[in-house]
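Bear in mind these aren't lab numbers, they're just calculated from the coordinates by the rules spelled out. Predicted, not measured: the structure shown is a model, and the values here were computed from it. Cβ placement follows ideal geometry from the backbone for every residue including glycine, while neighbour counts extend to all protein chains displayed.
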Amino acid sequence: MAYFVTGATGFIGRFLIAELLDHREGTIYCLCRASSLDKLDALKARLGDDDRIVPVLGDLSKPRLGVDDNEVERLSGTIEHFFHLAAIYDLTADADSQREANVEGTRHALQLAEAVHAGHFHQVSSIAAAGLYRGVFTEDMFEEAQDVEHNPYYATKHESEAVVRKESTVPWRVYRPGAVVGHSQTGEIDKIDGPYYFFKALQRVRGLAPSWFRGIGIEGGEINLVPVDYVAKAMDHIAHVPDLDGQAFHLTDPAPLTVGALFKALAKAAKAPQPTLNVDARALDALPLRLGTTLSRLPGAKQVTDLVLAELGIPRESFAYLTYPTHFDSSKTQAILAGTGIEVPPFNTYAQTLWDYWERAYSPDRRKDKQLARAIKGKTVMITGASSGIGRATALRVGAAGGRVLLVARGVEQLEQTKLEIEDLGGMAFVHRCDLADMSDIERMAKEVLQEHGRVDVLVNNAGRSIRRSIALSYDRFHDFERTMQLNYFGPVRLILSLLPIMRQVSPDGRKGGHIINVSSIGVQTNIPRFSAYVASKAALDAFSRCIASEVIDDGVHLTTIHMPLVRTPMIAPTKMYDRFPTMSPAEAADMICKAMVRKPKHSGTAMGNAGALAYQVAPRGVDVILNAGYKLFPDSHAARGETKGQKKDEPSTESVAFAHILRGVHW
């Protein structure tokens with residue numbers, strides 16, 4: 001079995017190719033212009049397969065995709081599945097370009113599929129093919145589309161699907177994805193469109209008002225978003241299910257968010273103010289036509305609006321989605337995918353991931369990384385715990401800024417994924433597996449690193465373990481203290497002892513010195529109850545760093561301790577109570593670490609943590625009284641009490657949530 005794919009290096013295409021490589025056999029032929037062969041080579045390198053991905057030179061704008069007769073003869077009878085993904089997915093593109101790519105491009109793809117006698121033709125269409133249908137649009141509907149001429153994108157998506165339905169002699173299937181957003185696990189995107197147009201505005205709002213501020217938002221119709229990984233997985237599966245030809249499939253969210261709910265989720269991810277009241281944009285449709293026309297004709301109204309939208313990077317066409325009238329029924333698709341594990345994740349579960357990726361790779365503020373680039377460009381930066389959370393976010397920032405990133409953790413698969421993301425951002429990364437609780441494994445890994453890279457210029461000790469358990473439940477659990485100390489204290493010390501001698505020496509190229517950054521905890525400053533094992537291990541590393549700092553200062557070695565507040569990472573995920581607490585995102589935590597790389601301070605922390613440390617110096621007994629109140633408000637979890645089965649989820653009280661917001665960033 002062989003495949004033919006147009007648009008293979010595009011956003012959906014490269015994830016579909018990955019699915020085919022992972023789950024199917026056979027050669028994957030990819031249409032490619034001669035000038036774009038480097039993109040296909042990059043895709044092959046990314047996916048680690050040079051043999052099965054084969055380029056076929058051609059052009060979407062030419063009959064039969066411009067594939068020559070010899071190539072057609074070679075492919076004839078070998079292509080079981082022909083996937084046509086190449087198209088323009090852009091509301092703002094001009095009508096002629098969209099017609100050539102979307103309509104004529106589909107016709108040319110059909111011509112080639114027929115010429116090589118393909119077994120099946122799979123077209124990636126869009127929910128835009130429904131136009132502005134008012135009501136429920138099912139997977140069996142097509143001619144019922146309404147107002148497709150409202151925008152060239154709607155029109156060409158509808159017409160290209162009509163070409164397949166009416167002109168194809170090859171058995172066909174059509175896929176209509178919703179608005180495709182980034183990967184639900186990594187956030188990866190390749191351009192700004194759809195809801196991303198509004199991210200810059202949210203960032204501006206965040207800069208104008210604190211996150212606790214509440215204001216007025218906007219409500220509207222449904223916005224059907226789907227992550228690219230779901231689209232690729234669903235398409236791959238449905239394409240290989242027999243007896244489904246001649247049908248369309250909605251790759252959509254069966255429970256989409258409304259405009260208001262979407263903006264609330266994105267505002268939460270952005271740490272921007274969230275609305276408490278939404279004005280329904282659909283009410284504007286009820287304005288008398290004469291009034292609407294009068295308002296739009298006010299002197300300078302259009303010019304001012306255009307200037308504001310241009311400054312925020314929001315195309316006027318995107319506002320059509322504020323009052324989008326269509327609900328897309330995907331019952332047939334859901335039934336086909338039942339039992340496969342392929343389903344649309346709730347948007348709230350990956351909104352933070354989308355935001356973090358955008359802010360890291362596309363935000364206008366990413367220019368601030370010029371300082372970071374000057375500080376670490378060409379330097380070797382080791383980051384422990386780089387497979388997820390703070391470590392992963394920091395690695396991506398450092399890699400994008402030009403540092404040579406050494407990724408260290410136990411999970412090789414996750415590290416390899418992070419490595420690929422860094423390389424996609426133009427950076428350089430290396431994976432070094434290590435169990436950071438095993439002293440001999442740390443020694444092995446350090447020797448491996450020094451042999452391969454010569455030296456480590458910046459070491460970020462980020463990997464850690466947290467245990468939340470009161471002392472009353474710890475009398476017979478001395479091992480909690482041992483294993484926490486093993487990873488949080490002895491592990492970093494063993495690594496520092498292995499790398500520090502080279503930092504202090506002058507290298508052959510004249511380099512000397514280094515920077516050791518230890519990710520500590522706000523708990524060391526605030527002495528939080530129930531974290532005696534965790535805080536003690538972090539405090540030990542703090543003291544170790546303070547003591548050796550004066551010994552190595554002449555050698556140009558700097559030590560920085562970061563007292564990190566509560567961050568939403570996999571480490572705190574088991575404590576469900578934290579779901580309702582104010583937390584820092586991994587991207588914000590990475591920003592603290594990256595700023596430390598630039599400024600090399602002795603200490604970095606938050607205002608709350610610094611205030612807690614000062615208060616304990618001035619009035620320790622008074623602080624104990626306050627902490628005792630928190631101790632009573634936040635009980636031990638069911639897991640800490642050993643009650644793991646048949647218990648309700650740990651839910652914080654209203655009082656405890658309020659307490660957590662007052663002492664923001666402190667982990668209780």
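What the table shows:
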{"item": "Net charge dipole size for the stretch 379-662 [Lys, Arg +1 and Asp, Glu -1 on Cβ; Debye, nearest 20]", "result": "360"}
{"item": "Burial ordering of Cys434, Cys547, Cys594, fewest other beta-carbon atoms within 10 Å first", "result": "Cys547, Cys434, Cys594"}
{"item": "Amide N of the stretch 180-199 lying under 14 Å from the label point, which is placed 7 angstrom from the Cα of Thr349 along Cα→Cβ", "result": "184-186"}
{"item": "Cut-off 19 Å (backbone N to label point 7 Å along Cα→Cβ of Gln451), residues of the stretch 421-435", "result": "430-435"}
{"item": "Neighbour-count ranking [beta-carbon atoms within 10 angstrom, fewest first] of Asp59, Asp253", "result": "Asp59, Asp253"}
{"item": "Relative packing of 623-629, 109-115, which averages over residues the other C-beta atoms within 10 Å, highest first", "result": "109-115, 623-629"}
{"item": "Gyration tensor (alpha-carbon) shape descriptor, the stretch 427-490, a/c threshold 1.5", "result": "prolate"}
{"item": "Cβ-Cβ FRET estimate between Asp51 and Asp476, R0 fixed at 41 Å, reported to 0.05", "result": "0.10"}
{"item": "Global form of the stretch 371-481, assessed from the alpha-carbon gyration tensor, a/c cut-off 1.5", "result": "prolate"}
{"item": "Alpha-carbon centroid distance for the pair the stretch 457-499 / the stretch 586-623, whole angstrom", "result": "20"}
{"item": "Residues Thr276 and Ala93, FRET efficiency given R0 of 35 Å [Cβ-Cβ distance, rounded to 0.05]", "result": "0.40"}
{"item": "Full-stretch length increase - Ala629, Leu322 - with 0.36 nm per residue and alpha-carbon distance subtracted", "result": "105.9 nm"}
{"item": "Shape call, the stretch 379-662: gyration tensor on alpha carbons, a/c limit 1.5", "result": "prolate"}
{"item": "Förster radius 22 Å - calculated FRET efficiency between Val412 and Arg483 (Cβ-Cβ, nearest 0.05)", "result": "0.50"}
{"item": "Cross-link pairs Lys233/Lys264; Lys39/Lys419; Lys62/Lys191 - those with Cα-Cα distance over 24 Å", "result": "Lys233/Lys264; Lys62/Lys191"}
{"item": "Exposure proxy order (Cβ contacts within 10 Å, fewest to most) of Trp172, Trp358", "result": "Trp172, Trp358"}
